[in-house]
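Trainee: Mind looking over this structure? Questions follow.
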Amino acid sequence: MSKNIAELIIETLVAAGVKRIYGVVGDSLNGLTETIRKQKEIEWVPVRHEEVAAFAAGAEAHLTGALTVCAGSCGPGNMHLINGLYDCHRSRVPVLAIAAQVPSREIGTAYFQETRPESLFRECSHYCETISNAAQMPRVLDLAIQSAIGRRGVSVVSIPGDVALREAPDVEVRQPDALPAATTVRPSSEDLDKLAALLNAGKKVTILGGAGCAGAHAKLIAAAQALKAPIVHALRGKEFIEYDNPYDVGMTGLLGFSSGYYAIMDCDVLFMLGTDFPYPQFFPEKAKIAQVDIRPENLGRRTRLDLGLIGDVSDTLEELLPLLETKQDRIHLDRALHHYASNRAGLDELATGKAGRSPIHPQYLTRVVNGLAAPDAIFTADVGSPTLWAARYLTMNGQRRLLGSFNHGSMASAMPQAIGAQLAFPGRQVISLSGDGGFAMLMGDILTIRQLKLPVKIVVYNNGSLAFVELEMKAAGLPPHGTELDNPDFAQMAEAIGIRGIRIEDPGQLPAGIKAALDHDGPVLIDAVVNRQELSMPPKIQLDQAMGFSLYMLRATMSGKGSEVLDLARTNLWR
C-alpha cells in the first residue's frame with residue numbers, strides 16, 4: 001500500500017525513537033498532523049506558542065539525550081521557533097525542527113506567509129535543507145537526524161505542505177541501530193604526557209569544569225585528589241560537579257562566589273575541563289592554562305593556552321590519571337576550601353526570613369524550595385535573578401537536574417522547559433523558577449500545562465521589575481528606566497483558569513506554602529512577593545561598577561528617588 005511523504009516522515013521518526021512532536025497546528029502542517037492522529041507511536045503536544053515548542057523539545061532532549069522534534073507551520077509559525085532553537089543549538093542538544101513551507105508552486109512569488117527557512121535557520125543549526133521533491137525522502141530526513149544526534153545540535157527540515165501529501169518512494173525506513181553512536185575521543189599518548197608534566201609541575205593547580213564533565217564525576221574527583229586541586233565549576237557544570245565533592249569551592253563568573261574567583265586567580269596552573277566559560281576577565285593572567293574539550297573550536301577561544309587537547313573529559317581523565325603524581329602540599333587547596341566555607345556561611349546568612357518582615361528575600365525562597373524539593377527534582381530557571389539564586393542555593397546531588405538558557409541567555413525559558421521535562425519524566429517533580437518578567441513573556445502556555453494536566457510547580461519571583469536588568473543599569477550609574485512591571489495577583493489569575501494558586505507575601509508563610517504546593521497532585525503557581533532591591537554582586541567588583549553604583553545613587557537622589565536609595569540600603573545593610 002502506497003504512503004505519502006508525511007507518513008514516511010513519521011515512520012522515520014518512530015524508527016529514530018522520537019516520542020513527541022511539540023508545535024502549533026496549521027494548514028501547511030496538515031499532512032503531518034493527520035498522520036500523527038492516525039498512529040499511536042508519536043504524540044503531538046499542542047502548545048500555544050512555537051517558541052515554547054522549541055524550548056520544551058530542547059528540555060526533553062537535554063534530559064534524555066534522545067532526538068526530540070518541534071514543528072511550525074509556514075512563515076510566522078516556524079519563525080516563532082527560532083529563539084528556542086538558538087538555545088537548543090548553543091546548549092548542544094539533539095533537536096529536529098520541521099518548518100512547513102508555502103505551496104511549492106508559489107515559492108519565489110512573495111506569496112502569503114512566504115519566508116526562506118534555509119536562510120532563517122542556517123545560523124542555529126548544523127543541517128538545514130528543504131524537501132522539494134518526493135525523491136529526496138527519506139535521505140534528507142536521515143541526514144538531518146544524523147546531524148542532530150551525531151553533532152549534538154539542531155537540524156531543520158523545511159517542507160511545503162503539498163509536497164508532504166505526495167506519494168512517497170518505496171524505501172526501507174532507517175533503523176535506530178544505524179544512527180550515530182557515542183565514540184571514544186581522547187588525546188594522543190604524547191599529548192597526555194605533556195598534560196601530565198604540566199600538571200605535575202604545578203604547585204597550585206585549580207580545576208575549572210563545565211557541562212563536558214557529565215559522566216566523569218568519579219574521575220574528576222580522583223584527579224583533584226591527586227593534584228590537591230580545588231574544583232571550580234561553571235554554571236552548566238553545577239549539576240555534574242557540585243555533589244559529593246570534597247574539593248568543591250563553588251562557582252565563578254558573574255553569578256558565582258568570590259571563593260571560585262580567587263581559587264582561579266591564585267593558581268599557577270589552571271586545568272579547564274569541558275567548559276567554554278565565556279568571561280575573559282575571570283581568567284588568570286600569569287598562570288599556565290591547559291584545556292581539554294571535545295570541540296576543537298573551543299580551545300583557546302576565551303583565554304590564551306599553554307596546552308589545548310581535543311578529547312572527551314571522561315575518556316581523557318581515564319588515560320591521564322595513571323600519569324599524575326600524587327601531591328602532598330595542600331596549602332592552596334585548604335586555603336580555597338576555607339575561603340569557600342566562609343563564603344557559603346555568608347550566603348546562608350542571607351537566606352533567612354522572619355514572620356511579619358516582608359517582602360521575602362529571594363535567597364530564602366530558593367533555600368526553602370531546595371529543602372522541600374524531591375531528591376530527584378528537575379529544576380528549570382529563568383535567566384536573570386532566578387538563575388542567580390538557583391546557582392547559589394539549589395543543592396545538586398547526582399539525581400537532581402538543572403536546566404536553563406545558560407548559553408543563549410533568553411528570557412522566558414523556565415516554564416516551557418518545565419513542560420518538556422514533565423512530559424519526558426511524568427513521575428518526577430518538576431519545578432519552574434520563573435522571573436515575573438520571564439513568566440509574563442510566554443504566560444499563555446500556562447494554559448498548555450492546564451490542558452495537559454501536567455503537575456508542574458511554577459514558582460514566580462514576583463518583585464515587580466526586570467530585576468537583573470535594573471541592577472545592570474544601576475551598575476552603569478543609570479537610574480532604572482522601563483524595568484518596572486505592574487503585575488496582577490498571579491495566584492488569583494491561576495485560580496481563574498483552573499490551576500491552584502498560592503500567593504505568599506510573608507516569610508513566615510513560606511515553608512507551609514511551598515510544602516502545600518509541592519504536595520498538591522496537579523499544577524500549582526506560587527506567587528511569591530520577593531524583595532525588589534536585593535543586590536546580587538559578582539565576585540569581582542570592577543572599578544567602573546563601583547563608580548556606577550555611586551553615580552546611580554547620586555542621580556537617583558537628584559531625580560527625587562532618594563527613598564529608593566534608602567530602601568536599597570536597608571535591604572542590603574540591615575543584617
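The values are calculated or read from the model by the stated rules, or taken from the named source; none is laboratory data. Everything numeric here is computed off the predicted structure, so don't read it as measured data. FYI the Cβ positions are ideal-geometry reconstructions off the backbone, even for glycines, and counts take in every protein chain you see.
Trainee: Which residue is modelled with the highest pLDDT, if the candidates are limited to the stretch 527-541 and must be in a loop (DSSP other than H, G, I, E, B) and aliphatic (A, V, I, L, M)?
Mentor: Taking the stretch 527-541 and keeping what is in a loop (DSSP other than H, G, I, E, B), we get 531-541.
When the remaining residues are screened for being aliphatic (A, V, I, L, M), the result is 535, 537, 541.
Values: Leu535: 59, Met537: 52, Ile541: 49.
Only one residue fits best here, namely Leu535.
Trainee: Tell me, yes or no, whether the stretch 514-530 has at least one residue that is surrounded by 20 or more Cβ atoms within 10 Å (Cβ to Cβ) and either over 24 Å from Phe379 (Cα atoms) or free of Cβ contacts under 8 Å to residues at least 40 places away in the same chain (or both). Please lay out each step first, then the result.
Mentor: Of all residues in the stretch 514-530, those surrounded by 20 or more Cβ atoms within 10 Å (Cβ to Cβ) come to 514, 517, 523-530.
If we keep only those that are either over 24 Å from Phe379 (Cα atoms) or free of Cβ contacts under 8 Å to residues at least 40 places away in the same chain (or both) as well, we get none.
No, the stretch 514-530 has no match at all.
Trainee: Would you confirm, using the coordinates I've provided, whether Met443 is closer than 19 Å to Asp382 by Cα and free of Cβ contacts under 8 Å to residues at least 40 places away in the same chain?
Mentor: On the way: closer than 19 Å to Asp382 by Cα: yes; free of Cβ contacts under 8 Å to residues at least 40 places away in the same chain: yes.
When the stated conditions are applied, Met443 passes them.
Trainee: How many residues does the stretch 318-333 hold that are under 23 Å from Arg186 (Cβ atoms) and among the charged types (D, E, K, R)?
Mentor: Our first condition is that a residue be under 23 Å from Arg186 (Cβ atoms); within the stretch 318-333, this holds for 318-326.
Checking which are among the charged types (D, E, K, R) leaves us with 318-319, 325.
Adding up the residues that qualify gives 3.
Trainee: Step by step: first the residues of the stretch 200-244, then only those that are more than 24 Å from the chain's Cα centre (by Cα) and among the small types (Gly, Ala, Ser), then the one that is surrounded by the most Cβ atoms within 10 Å (Cβ to Cβ). Which residue is that? Lay out the reasoning, then the answer.
Mentor: Within the stretch 200-244, the subset more than 24 Å from the chain's Cα centre (by Cα) is 200-206, 219, 221-230.
Then drop every residue that is not among the small types (Gly, Ala, Ser), which leaves 201-202, 222-224, 226, 229.
Values: Ala201: 12, Gly202: 22, Ala222: 16, Ala223: 25, Ala224: 22, Ala226: 19, Ala229: 28.
Among those residues, the one meeting the criterion is Ala229.
Trainee: Of all residues in the stretch 150-164, count the ones that are surrounded by fewer than 18 Cβ atoms within 10 Å (Cβ to Cβ) and in contact with a helix residue (DSSP H, G or I) (Cβ under 8 Å, 6 or more places away or on another chain).
Mentor: Count: 1.
Trainee: Quick check on the stretch 347-382: of everything there that is at pLDDT 95 or above and among the small types (Gly, Ala, Ser), which residue is farthest from Ala512 (Cα to Cα)?
Mentor: Top of the filtered list is Ala381.
Trainee: Among the residues of the stretch 455-464, is any within 26 Å of the chain's Cα centre (by Cα), in a helix (DSSP H, G or I) and surrounded by 22 or more Cβ atoms within 10 Å (Cβ to Cβ)? Walk me through it before giving the result.
Mentor: As a first pass, look at the stretch 455-464 and keep what is within 26 Å of the chain's Cα centre (by Cα): 455-464.
Those left that are additionally in a helix (DSSP H, G or I): none.
Checked the stretch 455-464: no residue is within 26 Å of the chain's Cα centre (by Cα), in a helix (DSSP H, G or I) and surrounded by 22 or more Cβ atoms within 10 Å (Cβ to Cβ).
Trainee: For the condition at pLDDT below 95 and not small (Gly, Ala, Ser), what is the one hit in Arg335, Arg330, Arg344?
Mentor: Details: Arg335 fails: at pLDDT below 95; Arg330 fails: at pLDDT below 95.
The match here is Arg344.
Trainee: Let me ask something additional. With respect to Asp382, is the statement that it is acidic (Asp, Glu) and in contact with a Gly (Cβ under 7 Å, 6 or more places away or on another chain) true?
Mentor: Details: acidic (Asp, Glu): yes; in contact with a Gly (Cβ under 7 Å, 6 or more places away or on another chain): yes.
Yes: the conditions hold for Asp382.
Trainee: I'd like the full set of residues that are farther than 26 Å from Leu273 by Cβ, among the basic types (Lys, Arg) and not in a loop (DSSP other than H, G, I, E, B), limited to the stretch 313-371.
Mentor: Arg367
Trainee: Further question: Just give me the residues in the stretch 274-293 being assigned to a loop (DSSP other than H, G, I, E, B), under 19 Å from Lys238 (Cα atoms) and either touching an Asp or Glu at 6+ places or on another chain (Cβ under 9 Å) or in the same structural domain as Gly150 (by TED's automatic domain parsing) (or both), in sequence order.
Mentor: So in the stretch 274-293, the residues assigned to a loop (DSSP other than H, G, I, E, B) come out as 274-279, 283-287.
From what is left, the residues that are under 19 Å from Lys238 (Cα atoms) are 274-279, 283.
Correct list: Gly274, Thr275, Asp276.
Trainee: What are the pairs with Cβ atoms under 7 angstrom where one residue, in the stretch 343-366, is exposed (fewer than 13 other Cβ atoms within 10 Å of the Cβ) and the other, located anywhere, is not hydroxyl-bearing (Ser, Thr, Tyr)? Sequence gap at least six, or different chains.
Mentor: Short answer, once both residue conditions are applied: Glu349/Arg575; Lys354/Pro507; Ala355/Asp506; Ala355/Pro507; Ala355/Gly508; Gly356/Asp506; Gly356/Gly508.
Trainee: List the strands (runs of 3 or more DSSP E) inside the stretch 3-94, counting only whole elements, that have at least 3 residues being without any contact (Cβ under 8 Å) to a residue 12 or more places away in the chain and under 26 Å from Gly409 (Cα atoms). Before the answer, list the steps.
Mentor: On the way: elements: 20-23, 43-46, 68-72.
Fully inside the stretch 3-94 and qualifying: nothing.
Trainee: Among residues belonging to the stretch 110-149 that are more than 18 Å from Gly161 (Cα to Cα) and among the aromatic types (Phe, Trp, Tyr), point out the one that is surrounded by the fewest Cβ atoms within 10 Å (Cβ to Cβ). Don't jump to the end; show me each part of the working.
Mentor: Step one: of the stretch 110-149, the residues more than 18 Å from Gly161 (Cα to Cα) are 119-127, 139, 142-149.
Restricting the remaining residues to those that are among the aromatic types (Phe, Trp, Tyr) gives 121, 127.
On the way: Phe121: 25, Tyr127: 20.
Per the criteria, the residue is Tyr127.
Trainee: Also, I was wondering about something else. Which one of Gln101, Gln113 is modelled with pLDDT of 95 or more, closer than 23 Å to Leu13 by Cα and not assigned by TED's automatic domain parsing to the domain that holds Gly210?
Mentor: Working: Gln113 fails: closer than 23 Å to Leu13 by Cα.
The match here is Gln101.
Trainee: Now for a separate question. Could you run through the stretch 193-210 and say how many residues are within 25 Å of Lys238 (Cβ to Cβ) and among the basic types (Lys, Arg)?
Mentor: Result for the stretch 193-210: 1.
Trainee: Let me ask another. Among what's in the stretch 222-263 and is of a type in the set (Asp, Glu) and outside any strand (DSSP E or B), pick the residue that is farthest from Ser385 (Cα to Cα). First the steps, then the outcome.
Mentor: Going through the stretch 222-263, the residues of a type in the set (Asp, Glu) turn out to be 239, 242, 244, 248.
After this cut, where a residue has to be outside any strand (DSSP E or B) as well, the list is 239, 242, 244.
Working: Glu239: 18, Glu242: 20, Asp244: 26 Å.
The selected residue is Asp244.
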